[in-house]
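Okay, so here's the structure we're looking at.
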Amino acid sequence: MSVETNSVRVAAVQAAPVYLDRDGTTSRVGTLAAEAAAKGARVIVFPEAFVPTYPDWIWRIPTANGELQNAYFRRLLANSVEIPGPAVDQLASIARDVGAVVVVGVTERLHRRGTLFNTILVFGPDGELLARHRKLMPTSAERMIWGMGDGSSIGAIETPVGRLGVATCYENYMPLLRYALYADGVDLYAAPSWIWGQDDGWHATMRHIALEGRVAVISAVIANRTKDVPADMPGRDELYPADQWLCPGGSVIVDGDGCVLAGPLYETEGILVADIDIDRLGTLRRVLDVTGHYARPDVFSLHVNRSKQDSADSRGHHLDSSPDEPTQDSQFGPT
């Protein structure tokens, strides 16, 4: 008897946001998602913090220059995404229009304003908001901009085309987070990012994750230039003195055997596509299944705190929970 393949076409979108313009960038998501869908993509991954842009100035402005930091933060705050809100409604409509799973990075703000989060939103092909994942630990200078997420969004997301997991940029260097995703049965592994320069190490990491978890990795990275920074931003000419790449891209798609299927793509905008055989991923785990037959739960165990860490001000803003929901923990290994 022949074995049918369970194939899904995935896309990594490498593009420039409309810098610090939420509405303009959200519209751009619609245009690019339609292009990816026209290529046959049923899963479309956008970069980290795409709406309204990755806050690259945190690496350029000295921390002591609070006035200039505040000027950029103010623009970011005004263009960040409230959940629920009009921008989320528009993104949901985009996913519904293209009939695909759409994964997009946003800077999220609370209704009270002030605290921001580096958040990944996952929409189903019917426009339903399936998941919202806040980056667990903003990296270095990112902590001037974003707060920390919690364990409530760690795990597989059920989609019509397979179980999908997300890890943002340097979250992919957190071994225990990766393990928790593998243990929850992730097949499609989205890794939205922002890369400083052409980073061979990042691509080595994407291949390692694919081989380690026997998962298909879709990494989408911003590709934008200094000329994309609006002319009216304070200190623009000093911070961005020449036309150069802010982020040169580096998007890549890797199969579960570690083979690069598309990319890496540098110094250009584009949409990478590749076909993933979901069932083949399970076959690859015959030799190595790090949370199955290759695990040693008698020796190692992982405890994941999946409770929501709400403050009094942010209660009620989580996607599908109430403040009175009990703590939910996961144990991988012996109890």
Fill in: Output for region 114-159, where each listed residue is buried (at least 17 other Cβ atoms within 10 Å of the Cβ) and β-branched (Val, Ile, Thr)
THR119, ILE120, VAL122, ILE145, ILE154, ILE157, THR159
Worksheet item: THR283 passes all but one of (1) among the hydroxyl-bearing types (Ser, Thr, Tyr); (2) more than 21 Å from GLY105 (Cβ to Cβ); (3) in contact with a strand residue (DSSP E or B) (Cβ under 7 Å, 6 or more places away or on another chain); which number fails?
Response: (3)
Fill in: Residue under evaluation GLY263, criteria (1) modelled with pLDDT of 95 or more; (2) under 19 Å from the mean Cα position of the chain (by Cα), criterion not met
(1)
Response to the item:
The condition from (1) over 20 Å from THR25 (Cβ atoms); (2) of a type outside the set (Gly, Ala, Ser); (3) surrounded by 22 or more Cβ atoms within 10 Å (Cβ to Cβ) that ASN224 misses is numbered (1)
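Inside region 184-242, counting only strands (runs of 3 or more DSSP E) that do not spill past its ends, which hold 2 or more residues that are within 16 Å of LEU261 (Cβ to Cβ)?
Working: elements: 188-190, 216-219, 223-225.
The qualifying strands (runs of 3 or more DSSP E) are 188-190, 216-219.
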Worksheet entry | Selection status of LEU181, surrounded by fewer than 18 Cβ atoms within 10 Å (Cβ to Cβ), in a helix (DSSP H, G or I) and not small (Gly, Ala, Ser) | no
Worksheet entry | Matching residues, region 147-159, being in contact (Cβ under 8 Å) with a residue 40 or more places away in the chain and in a loop (DSSP other than H, G, I, E, B) | ASP150, ILE154, GLY155
Item to complete: Could you run through region 93-127 and say how many residues are under 16 Å from ARG28 (Cα atoms) and at pLDDT below 95?
Response: 0
Discussion item. Please verify whether VAL252 is in contact (Cβ under 8 Å) with a residue 12 or more places away in the chain, over 23 Å from LYS39 (Cα atoms) and either part of a loop (DSSP other than H, G, I, E, B) or out of contact with any Cys (no Cβ under 8 Å at 6 or more places or on another chain) (or both), treating the condition exactly as stated.
Written reply: no
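Mind checking which residues of region 16-33 are in a loop (DSSP other than H, G, I, E, B) and surrounded by fewer than 24 Cβ atoms within 10 Å (Cβ to Cβ)? Step through it out loud before you land on a result.
Here is the first cut: in region 16-33, the residues in a loop (DSSP other than H, G, I, E, B) are 16-21.
ALA16, VAL18, TYR19, LEU20, ASP21 - these are the residues of region 16-33 that are in a loop (DSSP other than H, G, I, E, B) and surrounded by fewer than 24 Cβ atoms within 10 Å (Cβ to Cβ).
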Worksheet item: Within the set of pairs 6+ apart or on separate chains, which have a first residue in region 160-171 that is under 28 Å from ASP56 (Cβ atoms) and surrounded by fewer than 24 Cβ atoms within 10 Å (Cβ to Cβ), a second that is at pLDDT below 95 and among the β-branched types (Val, Ile, Thr), and C-beta atoms under 7 Å apart?
Response: TYR170/THR139
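The values are calculated or read from the model by the stated rules, or taken from the named source; none is laboratory data. Predicted model only: the values in this text are computed from it and were never measured. Methodologically, a virtual Cβ is constructed for each residue, glycine included, from the backbone with ideal geometry; neighbour enumeration extends over all protein chains shown.
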